[in-house]
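Have a look at the structure below before the remarks.
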Amino acid sequence: MARLKASLIIGLGFAAWIICVKPTYAAEPALRWTDLSGSVPTTTLDQTASYPLLSFASSRGTEWLAGSPNQLFQVTSKRKIFDLVPDLKKFGFQKIRQVASDGQSWLVIGDSGPWFSQPDLAFRYDGIYWKNVSPVMAALPPQEWISQIVGKRGFWIIPTSRSLIVWQSSLKTIANIPLPPEIIQNQYQEMIFYPLRTGWLMDVKTPAGRCFYVFDGQNFKRSDRSLGAINQTTTLASNGAAVLSLTATNSPLRKGDKGGSVAIVATYFDGQSSRRLDQHFMSFVDNKKKEILFFPEAGMVWDGKSWLLKDFRKHLMVFNGRNPAWRLPDTRDTFIDSAYGTSGAALHVGYNKNSRGELIPRLVMTQE
């Protein structure tokens, strides 16, 4: 895969119904967890290769594509699953590198032979029909590693190891967007894009640290200050219109603060304006012990109603943006990826271990 997440998302178990712990305010919702692992198709692109886990999930709101480099299937909001491997075999796929969504259709990218510097197959899938758009892959600059691909309503962004490519799905040609000089000079290591209502928030990782830009499809605007605080702990997630940014800090945030205090800086940023939500995370900060009791370093995902926040200690929190975040029961499975929903649902993929220590694929849907 072109982009497996470096950190594992610690996930969401497979109990039938889980009720929140004692609420800190009225009407905290229950979260229904449905285990779909037993319905995962067993057909694979390469029968000689073993991938005992699911590694990606991609959403267009009420439907998802999920799988691994060796398999692909479609999941509906009614929890029906359709195997897409037979289609991919007809198209010549031997491996899947990446699956991306523009909210309307998916882009499935992979290889017809052994992996080289870039894939040679790309097909758009609208949930029913496939369209071969492999010439787009052939037009990319040679020998440039392809990073995370993101899309929005037919407009696709394809970052590579040296450039930024954009493609309109109605066109057969691609365009190269010049990057800001400071990004090139800082020898960027990775660019990650988060959808905003009017563009994308671009997270650029360099040897010197992280910097953020708003990208509208043509222009870049530096936006570090809009996020309130930035460091290596900063965790972000998008709901399609805005980004929630959380940063754990132990440095003074205001003039006169004494050093050594800890805090969680929470910012909601829509690309133009931002607002601070720190107060909703105050219960997870213990300044007497100088500790942060919970921080979602394993990631966040929007389910259409709330944010689900995960850490590496198998803790799960829910935050609806209006009230203090609250804790759900601890979880068991290890999840590598989570994909958003639009009606309180989210899909989570990964693995578990059986009594013999063997990895078992995991597929879980959560619903508020």
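Structure values in brief
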read-out: Restricting segment 122-135 to residues that are hydrophobic (A, V, I, L, M, F, W, C) and in contact with a Phe, Trp or Tyr (Cβ under 6 Å, 6 or more places away or on another chain), the residue that is nearest to Asp83 (Cα to Cα); value: Trp130
read-out: Top-ranked residue of segment 111-143 - restricted to ones that are without any contact (Cβ under 8 Å) to a residue 24 or more places away in the chain and either closer than 15 Å to Pro69 by Cα or touching a Pro at 6+ places or on another chain (Cβ under 6 Å) (or both), ranked as surrounded by the fewest Cβ atoms within 10 Å (Cβ to Cβ); value: Pro114
read-out: Residue that is surrounded by the fewest Cβ atoms within 10 Å (Cβ to Cβ), among those in segment 212-233 that are within 23 Å of Asp311 (Cβ to Cβ) and among the β-branched types (Val, Ile, Thr); value: Thr233
read-out: Considering residues of segment 178-211 that are under 21 Å from Arg153 (Cβ atoms) and surrounded by fewer than 17 Cβ atoms within 10 Å (Cβ to Cβ) only, the residue nearest to the chain's Cα centre (by Cα); value: Arg197
read-out: The lone exception for Arg97 - which of (1) surrounded by fewer than 19 Cβ atoms within 10 Å (Cβ to Cβ); (2) in contact with a strand residue (DSSP E or B) (Cβ under 8 Å, 6 or more places away or on another chain); (3) among the charged types (D, E, K, R) it fails; value: (1)
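Every residue, every condition in (1) among the basic types (Lys, Arg); (2) modelled with pLDDT of 55 or more; (3) within 28 Å of Arg313 (Cα to Cα); (4) in a strand (DSSP E or B), yes or no:
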site: Leu4; (1), (2), (3), (4): no, no, yes, no
site: Tyr25; (1), (2), (3), (4): no, no, yes, no
site: Trp33; (1), (2), (3), (4): no, yes, yes, yes
site: Thr43; (1), (2), (3), (4): no, yes, no, no
site: Leu53; (1), (2), (3), (4): no, yes, yes, no
site: Leu65; (1), (2), (3), (4): no, yes, yes, yes
site: Gln74; (1), (2), (3), (4): no, yes, no, yes
site: Asp87; (1), (2), (3), (4): no, yes, no, no
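The values are calculated or read from the model by the stated rules, or taken from the named source; none is laboratory data. Please read these numbers as outputs of a predicted model, since none were measured by experiment. Because the Cβ atoms are built from the backbone with ideal geometry, glycine has one as well, and the counts that use them run over all protein chains shown.
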